[in-house]
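One structure below.
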Amino acid sequence: MSAGLYFSHPACLEHDPRVLSPAHPDTPERLLAIERALAERWLPGWERRAAEAATEAELGLVHPAHHVRAIAELCAAGGGAIDADTFVGESSFRAATAAAGAACTMTRALLDGDAAVGFCAVRPSGHHAEPDRAMGFCLFNNVAIAAELAIRERGAERVFILDWDVHHGNGTAEAFRTRADVLFASIHQSPLYPGTGPLEDAGSGEGEGFTINLPVPPGSEEQLWLSLLERVVLPAAVAFGPDLVLVSAGFDAHVEDPLAGCRLRTGSFAELARRVRDMAAAAAIPVGVVLEGGYNHRVLAECVRCALAALGGEGEARPAAPESRLTPRAAAQVGRYWPL
Ligand SMILES: [Zn+2]
């Protein structure tokens, strides 16, 4: 069994919003930097596999056909602006279906028992994409599609999604807002784009309690992020009893990222990854990680390498993070639903 499975697709390099927005931060160089770092020193025991593009049926697990068609047609017509941040060119549809397809390919392999952990180095990102709305650099919600695939195709009963991107994963939250079979937890900076994800939003209807939003202020450091993960998110995840863990892994909470103001360090992402790895290993369930944000190329590549080494088994999680000032409030909110 491999230490981990690594998926990417060359089409993910073909999406370049700079054609319409010259200073756009979501560039193909982000993936090239990751590939370069891994080419210099490959992850011991990890296996690289080819991803397949998502089919219409796979995209349709989350997105209505009219939404998929609208993006396909805009791309086919040469591209254009979807909103002030989200641009597509001729090849963006191909890139987005490759990104979603990688998440599907990975999920099948993990649920087949090929490995305990997987990573998709893909773009465009997905976690801002709502079922019928592309936004925030995201066209299709890669992680949400993977979660639905696990449930509907592979019979998973419960999927836990952790979103550690510095921005709130509004698209994933909306996809599963009223669902009790997907526990969605997001730690994100607030205030910050997209402005959603207050602590009090726990989901709705049958899904009440199955959304965990943990906003943190700008300037938040590793200690706060780790203590929220350790003391609030993971106990809930363990009580939920998932068959699969998916991670929307942005690396833009790093202190050197240009788009946000949190203060994680490169090693912080290894600590996040180790805690998730240890939780999943104890429950004997796989972890699939999908790239979201991260806009300082050098830092992104270093963080990905560090996180993947940790996921693959390197290093021990440091002892429990000290309690932080936000944890009691967060614990009280989440504690209404979960035994912490
Ligand atoms: Zn982000």
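The values are calculated or read from the model by the stated rules, or taken from the named source; none is laboratory data. None of these values were measured; they are calculated from a predicted model. Reconstructed Cβ throughout: ideal geometry from the backbone, glycine too, with neighbour counts over all protein chains shown. To get the accessible areas, we keep the full protein, side chains included, count just its heavy atoms, and leave off ligands, DNA and RNA. Shrake-Rupley method; radii C 1.70, N 1.55, O 1.52, S 1.80 Å.
Based on this model, can you work out whether residue 3 counts as at pLDDT 95 or above and either surrounded by fewer than 19 Cβ atoms within 10 Å (Cβ to Cβ) or not β-branched (Val, Ile, Thr) (or both)?
Here the answer is no, as residue 3 does not meet what is asked.
For the range 256-282, which residues satisfy the criterion of being open to solvent by 40 Å² or more (accessible area, probe 1.4 Å) and either assigned to a helix (DSSP H, G or I) or within 16 Å of the ligand (Cβ to nearest atom) (or both)?
256, 258, 259, 263, 278, 281, 282
Quick one: in the range 315-324, which of the residues that are open to solvent by 30 Å² or more (accessible area, probe 1.4 Å) and touching a residue at least 12 places away in the same chain (Cβ under 8 Å) is farthest from residue 212 (Cα to Cα)?
Taking the range 315-324 first, the residues open to solvent by 30 Å² or more (accessible area, probe 1.4 Å) are 315-320, 322-323.
Checking which are touching a residue at least 12 places away in the same chain (Cβ under 8 Å) leaves us with 315-318, 320, 322-323.
On the way: 315: 28, 316: 26, 317: 23, 318: 24, 320: 21, 322: 21, 323: 18 Å.
Ranking the qualifying residues of the range 315-324, first place goes to 315.
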Discussion item. Go through the range 95-129 and report how many residues are out of contact with any strand residue (DSSP E or B) (no Cβ under 9 Å at 6 or more places or on another chain) and either more than 26 Å from residue 194 (Cβ to Cβ) or not in a helix (DSSP H, G or I) (or both).
Written reply: 3
Worksheet entry | Unique match (being touching an Asp or Glu at 6+ places or on another chain (Cβ under 7 Å), more than 16 Å from the ligand (Cβ to nearest atom) and not in a loop (DSSP other than H, G, I, E, B)) among 174, 206 | 174
Discussion item. Can you pull out every residue in the range 130-160 that is touching an Asp or Glu at 6+ places or on another chain (Cβ under 9 Å), of a type in the set (A, V, I, L, M, F, W, C) and part of a loop (DSSP other than H, G, I, E, B)?
Written reply: 134, 137, 156
Response to the item:
Reported set for the range 226-255 where residues are closer than 23 Å to residue 30 by Cβ and more than 14 Å from the ligand (Cβ to nearest atom) is 246, 255
Worksheet entry | Criterion: open to solvent by 70 Å² or more (accessible area, probe 1.4 Å) and among the acidic types (Asp, Glu) - qualifying residue of 47, 73, 35, 58 | 73
Item to complete: Please specify each residue of the range 201-215 satisfying the condition of being touching a helix residue (DSSP H, G or I) at 6+ places or on another chain (Cβ under 7 Å) and either open to solvent by 40 Å² or more (accessible area, probe 1.4 Å) or of a type in the set (S, T, N, Q) (or both).
Response: 211
Response to the item:
In the range 120-171, anything within 16 Å of the ligand (Cβ to nearest atom), acidic (Asp, Glu) and open to solvent by 10 Å² or more (accessible area, probe 1.4 Å) is listed as 130
Worksheet, complete the sentence: Here the residues within the range 104-153 that are at positive phi and among the aromatic types (Phe, Trp, Tyr) are 137
Worksheet item: Residue check: is residue 312 open to solvent by 30 Å² or more (accessible area, probe 1.4 Å), of a type in the set (Gly, Ala, Ser) and within 19 Å of residue 247 (Cα to Cα)?
Response: yes
Worksheet item: Name the pairs whose Cβ atoms lie under 8 Å apart, with the first residue in the range 28-51 and free of Cβ contacts under 8 Å to residues at least 60 places away in the same chain, the second assigned to a loop (DSSP other than H, G, I, E, B), and 6 or more positions between them or separate chains?
Response: 50/9
Worksheet item: Which condition breaks for residue 294 when tested against (1) within 30 Å of residue 38 (Cα to Cα); (2) more than 16 Å from the ligand (Cβ to nearest atom); (3) crowded, with 24+ Cβ neighbours inside 10 Å?
Response: (2)
Item to complete: Kindly indicate whether any position in the range 177-195 is β-branched (Val, Ile, Thr), open to solvent by 10 Å² or more (accessible area, probe 1.4 Å), more than 14 Å from the ligand (Cβ to nearest atom) and not in a loop (DSSP other than H, G, I, E, B).
Response: no
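In this structure, does residue 111 turn out to be touching a Leu at 6+ places or on another chain (Cβ under 8 Å), open to solvent by 10 Å² or more (accessible area, probe 1.4 Å) and among the hydrophobic types (A, V, I, L, M, F, W, C)?
Values: touching a Leu at 6+ places or on another chain (Cβ under 8 Å): yes; open to solvent by 10 Å² or more (accessible area, probe 1.4 Å): yes; among the hydrophobic types (A, V, I, L, M, F, W, C): yes.
Judged against the criteria, residue 111 is a match.
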Item to complete: Only residues that are open to solvent by less than 10 Å² (accessible area, probe 1.4 Å) and farther than 18 Å from residue 59 by Cα: list them for the range 86-108, please.
Response: 86
Worksheet, complete the sentence: Taking first residues from the range 92-103 that are at pLDDT 95 or above and second residues anywhere that are open to solvent by less than 10 Å² (accessible area, probe 1.4 Å) and of a type in the set (Phe, Trp, Tyr), the pairs with Cβ under 7 Å that are 6 or more apart or on different chains are 96/140; 100/140; 102/7
